[in-house]
Each structure stands twice: as structure tokens, then as C-alpha cells.
Amino acid sequence: MSPHNGSERLHKIYYVFYRARRQCTPLPVLDADMMVSGDLRPLFSALDVCMPGALLVCRDQYIGKMHTLGHHLSTSYRGHADDLVKLLGTPRNEANYPLIVNDGLLAGGREAFLALDSLIRAMPEAARWVDELPDHYWRNQFILNLALARLHCGVELDPTYNLQLSIENIDPGTEEHPIQIRWRDRPSAFCTGMAPDEIGIPT
């Protein structure tokens with residue numbers, strides 16, 4: 001994600017939703033530093049059995065499972081409780097939402113992406129809020145998480161679909177099978193946060 005102004009840092013989300021408007025079939029959306037290292041068919045199979053408004057997501061492994069979105073607003077995202085009013089107008093129960101995701105992978109159908117698009121575009125203070133802390137390069141992820149909390153549409157995937165290499169150790173495989181990424185002796189389909197040559201994969 002580009003460490004520039006809030007509009008640019010939300011641009012990826014808007015571009016994705018523009019593409020989603022033109023898609024009739026479900027699609028996965030990957031961050032720029034995401035590497036595909038496994039079979040994608042299980043991901044599409046999961047989309048086939050989900051409700052039309054569902055978005056498949058992976059929990060943020062850096063943040064973990066211990067607290068709610070409201071807690072991480074004031075800690076991980078360095079915001080304040082009244083930011084929910086600033087961004088949403090009238091908060092509901094978003095502060096208690098427990099599934100805090102990393103935006104490296106999103107997967108869903110047209111209906112799901114359009115609903116997310118409409119909600120984020122209805123937050124006129126979102127880009128300005130992201131800009132309040134220019135040294136915080138992933139504050140934009142709070143906007144995504146806030147929208148998911150309002151829509152309550154996130155369906156959690158196994159962590160092997162978005163391994164965050166800044167905090168997880170992986171096995172990059174052998175010379176015969178250099179793309180066989182494994183984590184805790186399980187194959188991984190996606191990993192993010194590091195260039196292939198940094199984890200021992202020839203480029």
C-alpha cells in the first residue's frame with residue numbers, strides 16, 4: 001500500500017470495486033505483495049457455497065484474536081472511540097466486532113463488493129481520517145474493517161490463505177519444488193509481505 005495521502009491509500013479498494021462492478025462471477029482480490037503458491041480451486045469452491053453478500057477474508061495475524069475492533073481502533077490504529085461517530089455517523093455495534101482482517105486477500109461476488117463499495121464511499125471523512133497520521137501506513141485497513149463490521153459479511157478463511165511473512169516462519173520447499181510453500185507442515189496458497197527471493201524462492 002502506498003504511504004501517500006488517504007485518497008491514494010483507499011484507491012486500491014475503489015479500483016477493486018470498480019472491477020467488481022464489471023464482473024458477473026466471484027473473484028479474489030490480492031494485494032500487490034501477495035504471492036500465489038498453491039491451488040486456488042478451494043477458494044472458488046468456498047465462494048460457490050457462500051451467501052451472495054459474503055466476503056472471504058483472513059484474520060490479521062499481526063493483530064491476532066485477542067480484542068475487538070474498538071480496542072484496536074485506539075491501539076493498533078491509534079484512533080479514538082469518537083472516530084466511529086466521525087466515520088459512520090451513528091455507530092451500531094461495530095466496536096465489538098471480533099474479526100479484524102488483513103486486506104492482502106478479499107474474495108467475493110459482485111453483490112458483496114458493491115455493498116462494500118457503497119458503504120466506504122458513504123464515509124466522507126475516511127480519507128481525511130487516514131491522513132491524520134501520515135506515518136501510519138496501514139490505517140486504511142481500519143476503514144475496510146469498519147465496513148466489514150457494519151455489513152457483518154466477513155467469512156474467515158484458514159490462515160494459509162494469507163500468511164503474513166513479517167511474523168510467520170515458512171518452509172519455501174526444495175530445489176525440485178521451490179514454490180511449495182508450507183506453514184506448520186501444511187501447504188499455503190498465498191503469502192504476503194516479502195519478495196520471493198527473500199524467502200529462498202529463485203526469481
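None of the figures in this text is laboratory data; all of them are computed from the coordinates on show. This one's a predicted model, so the numbers in the text were calculated from it and none came from an experiment. Using ideal geometry, Cβ is built from the backbone for each residue, glycine included, and neighbour counts are taken over all protein chains shown.
What would the Debye equation give as log₁₀ I(q)/I(0) for region 22-96 at q = 0.16, 0.26 Å⁻¹, counting only Cα atoms as equal point scatterers?
-0.88, -1.16
Label points 7 Å out from Cα along the Cβ direction at residue 132 and residue 44: separation in nm?
Result: 4.3 nm between the two label points.
Taking every pair of alpha-carbon atoms in region 85-158, give the share separated by more than 18 Å as a whole percent.
Considering region 85-158, 40 percent of its Cα-Cα pairs are separated by more than 18 Å.
Mind checking which of 30, 53, 72 is farthest towards the positive end of region 28-97's charge dipole, using Cβ charges of +1 (Lys, Arg) and -1 (Asp, Glu) about the Cα centre?
Toward the positive end, the furthest listed residue is 72.
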